[in-house]
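The values are calculated or read from the model by the stated rules, or taken from the named source; none is laboratory data. Since the structure is predicted, the reported quantities are computational estimates derived from the model, not experimental observations. Cβ atoms come from the backbone with ideal geometry, glycine included; neighbour counts cover every protein chain shown. To get the accessible areas, we keep the full protein, side chains included, count just its heavy atoms, and leave off ligands, DNA and RNA. Shrake-Rupley method; radii C 1.70, N 1.55, O 1.52, S 1.80 Å.
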Amino acid sequence: MIKLKDILKEIVNADINQIASTLQFKPVTKKKLVYKYVENGKPGNMSPMTYTQSTVQQPVGTDTTDGKETQNTAEVGDIIFSGATGENYVIKANKLPKLYNGTVGGDIYPEQSPRQVALYSGEPVTFKAPWGEDMIIKPGDYLVKDPANTGYYRIAKVEFEKTYNPL
């Protein structure tokens, strides 16, 4: 007999590689949106389409238009973004030049190489993001292969439509 707690455990600890193997990934580019630098910006208090450089180790929660997505930790020197809907996320300092064009302190914009993206239509599941924290994906969201091939991450539907070109 299967118990509800066993079903929920499977949903919470989903094998994202298995899920990804059932999806059709396609190349898509990000929109060339400009992010403005904010001196001493604080996660949760930055305007959309801005970024700051972290001066301390700090937790950064990512809340999209449909609720909590994940949690990350910004180290000193990492970049904290406030995206198109005000969602905060961390880009590690060493990954920034691979993912964004421009110089920290000035305007920057997403690097324009295609990312591999798939539309997700399954049940809501939680999986481990490349940075080791839990992340949820819901029907209508997009699963993105991490460009560094370290795993997958979710882009919520509304945020995807605001920041990526159509799939």
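Expressed in whole Å with the largest first, what are the equivalent ellipsoid semi-axes of the range 77-167 derived from the C-alpha gyration tensor as the square root of 5 times each eigenvalue? Before the final figure, lay out the partial values.
On the way: eigenvalues 102, 45, 32 Å².
Equivalent ellipsoid of the range 77-167: 23, 15, 13 Å, largest first.
Compute the relative contact order of the chain as a whole-number percentage, counting only Cα pairs closer than 8 Å that sit 6 or more residues apart in sequence. Please list the in-between numbers first.
Numbers: 361 pairs, mean separation 41.2, N = 167.
Taking the mean separation of contacting Cα pairs over the length of the chain, I get 25 percent.
Using the structure shown, select from 32/98; 98/138; 138/162; 36/138 the pairs with a Cα to Cα distance greater than 26 angstrom.
Working: 32/98 15 Å; 98/138 28 Å; 138/162 17 Å; 36/138 30 Å.
Where the Cα-Cα span goes over 26 Å, the pairs concerned are 98/138; 36/138.
In the full protein assembly as shown, how much of residue 56 is accessible to a 1.4 Å probe, in Å² to the nearest 10?
Result for residue 56: roughly 70 Å² accessible.
Could you calculate the contour length gain from residue 116 to residue 149, that is, 0.36 nm times the residue separation minus the distance between their Cα atoms, to one decimal place in nm?
Numbers: separation 33, 0.36 × 33 = 11.88 nm, distance 1.06 nm.
Contour length minus Cα-Cα distance gives 10.8 nm.
First measure r as the distance between the Cβ atoms of residue 165 and residue 57, then evaluate 1/(1 + (r/R0)^6) with R0 = 35 Å and state the FRET efficiency to the nearest 0.05.
Working: r = 35 Å, r/R0 = 0.99.
The formula returns an efficiency of 0.50 here.
Given a Förster distance of 30 angstrom, what is the FRET efficiency for residue 76 paired with residue 34, based on the Cβ-Cβ distance and rounded to 0.05?
According to the calculation, E is roughly 0.75.
With label points built 7 Å along Cα→Cβ from the Cα atoms of residue 133 and residue 68, find their separation and express it in nm.
1.0 nm
Can you give the local net charge around residue 27? Use residues other than it whose beta-carbon is closer than 15 angstrom to its beta-carbon, Lys and Arg +1, Asp and Glu -1.
Values: positive: 26, 30, 31, 115, 145; negative: 111, 146.
So the environment of residue 27 carries a net charge of +3.
Only bridges with both residues in the chain count here: give the DSSP antiparallel percent, nearest 5. It would help to have the intermediate numbers written out before the result.
On the way: 35 of 38 bridges.
Around 90 percent of the beta bridges assigned by DSSP in the chain are antiparallel ones.
Normalized C-alpha radius of gyration of the range 1-146, against 2.2 N^0.38 Å?
Working: Rg = 16.6 Å, N = 146, 2.2 N^0.38 = 14.6 Å.
Against the empirical 2.2 N^0.38 Å value, I get 1.13 for the range 1-146.
Given the -39500 (n - 2.57) contribution per DSSP H run of 4+ residues, what per-residue ellipticity at 222 nm results for the chain, rounded to the nearest 500 deg cm²/dmol?
On the way: 4 runs with 25 residues, N = 167.
For the chain, the value works out to -3500 deg cm²/dmol.
Could you give the length gained on full extension between residue 98 and residue 85, defined as 0.36 nm per residue of separation minus the Cα-Cα distance, in nm?
Values: separation 13, 0.36 × 13 = 4.68 nm, distance 2.31 nm.
Full extension from residue 98 to residue 85 adds 2.4 nm.
Once fully extended, how much extra length lies between residue 123 and residue 158, figured as 0.36 nm per residue of separation less the alpha-carbon to alpha-carbon distance? Could the numbers behind the result be given before it?
Working: separation 35, 0.36 × 35 = 12.60 nm, distance 1.79 nm.
Length gained between residue 123 and residue 158: 10.8 nm.
Order the following by accessible area, largest value first: 49, 135. Probe radius 1.4 Å; ligands, DNA and RNA are ignored.
Values: 49 40, 135 5 Å².
I get 49, 135, largest accessible area first.
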